[in-house]
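Data block below; observations after.
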Amino acid sequence: MTNKILRHRYKIISELGKGGFGTTYLALDLDLPNHPQCVVKQLAPSDPRPEVFQVAKTLFEKEAITLQRLGEHNQIPRLFAYFE
């Protein structure tokens, strides 16, 4: 996925890691000045069953909403966006 641009905003630089629920990438945010680095998480559960995907998606969305509610703090990752 290197060099792919997601949502006309995030340019994937490299893969940081892969786990049971998906892949994490290092990216550039092309919408912000100086194109700062950011992290993009792609939800892709290793279990192909639809019910597993739905549970993973629900948990992923809850994590995103929680990060939005927490706001900015130097010990908590800042959420720029989440999307399908």
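Values in this text are rule-based calculations from the coordinates and carry no lab data. Here the structure is a predicted model, which is why all the values come from computation and not from measurement. FYI the Cβ positions are ideal-geometry reconstructions off the backbone, even for glycines, and counts take in every protein chain you see.
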Handout entry: Cβ crowding within 10 Å averaged over residues, with 72-79, 28-35 ranked highest first
Key = 28-35, 72-79
Handout entry: Among Q42, Q68, Q54, residue whose mean-square fluctuation peaks in a GNM of the chain (springs only between Cα atoms under 10 Å)
Key = Q54
Handout entry: Folded to 0 to 90 degrees: helix 50-70 orientation relative to the chain principal axis, Cα
Key = 40
Completion exercise
In order over the stretch 3-10: 3J(HN,Hα) from phi, Karplus 6.51/-1.76/1.60, θ = phi - 60°, whole Hz, x for each Gly or Pro, gives 6, 6, 10, 9, 6, 6, 9, 10
Fill in the blank from the handout: Counting only residues 5 or more apart in sequence or on a different chain, those whose built amide H sits under 5 Å from that of L30 are Y10, K11
